[in-house]
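Taking it in order: structure first as C-alpha cells, then the write-up.
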Amino acid sequence: MKHALVIDDEQGILEMVGDALVRVNCRATLVLGSAGVKAALDQEEFDLVICDLKMPGQNGVEVYRMIREMRPELAARFILMTGNLADAEQHTAELAAVSLLPKPFTLAQLRGAVEELLRKAAAA
C-alpha cells in the first residue's frame, strides 16, 4: 500500500483528500498546515506528497523546497493543489517536476493525478 503525506491548512480538504486516497488503496498521513511537515518526514516514509499552495506560514512552494532538501526522491512525487494557477506559474522553473491539481477538483481528478504520478515514479 502506498503512503501519502497530505498537507493543507483546511481540515475539510485534508479529510476529503485522505478519504479519496483510501479509495485508491493509499494510506494518508494528514498534516494541518506546514508546521508538522518536518516531523512527519522525520518519522515516516512516504511515496508521494500532496500539498496546498496557499497556506499561512510556509506556502506550498516553501514546503516543496524543504522536501526537496530533506527527501530529494519525493520532489518528483509532489502534487501541488491550488485554486489559482497564476500563483503556481510564478514558480514555473522551480516547480517543473511538480504535478499541479487545480481546485476545486473532483475525486476522480485527484485519483487520476495520484495514479499518474505513481505510474511515472514506477517507470523512472
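Restricting the search to segment 70-114, which residues are acidic (Asp, Glu) and either assigned to a helix (DSSP H, G or I) or at pLDDT 90 or above (or both)?
Matches in segment 70-114: 73, 87, 89.
Mind listing whichever residues of segment 96-110 are more than 11 Å from residue 13 (Cβ to Cβ) and either surrounded by fewer than 10 Cβ atoms within 10 Å (Cβ to Cβ) or of a type in the set (Lys, Arg) (or both)?
96, 106, 108
Could you identify the single residue in 4, 20, 76 that is among the hydrophobic types (A, V, I, L, M, F, W, C), buried (at least 21 other Cβ atoms within 10 Å of the Cβ) and out of contact with any strand residue (DSSP E or B) (no Cβ under 8 Å at 6 or more places or on another chain)?
None of the other options fit; the residue is 20.
If you take the residues in segment 6-26 that are free of Cβ contacts under 8 Å to residues at least 40 places away in the same chain and within 13 Å of the chain's Cα centre (by Cα), which one is farthest from residue 64 (Cα to Cα)?
18
Of everything in segment 29-60, what is surrounded by fewer than 21 Cβ atoms within 10 Å (Cβ to Cβ) and among the small types (Gly, Ala, Ser)? Give them in sequence order.
Selection gives 33, 35, 36, 39, 40, 57.
The values are calculated or read from the model by the stated rules, or taken from the named source; none is laboratory data. Nothing here was measured: the structure is a model prediction, and the numbers come from that model. Methodologically, a virtual Cβ is constructed for each residue, glycine included, from the backbone with ideal geometry; neighbour enumeration extends over all protein chains shown.
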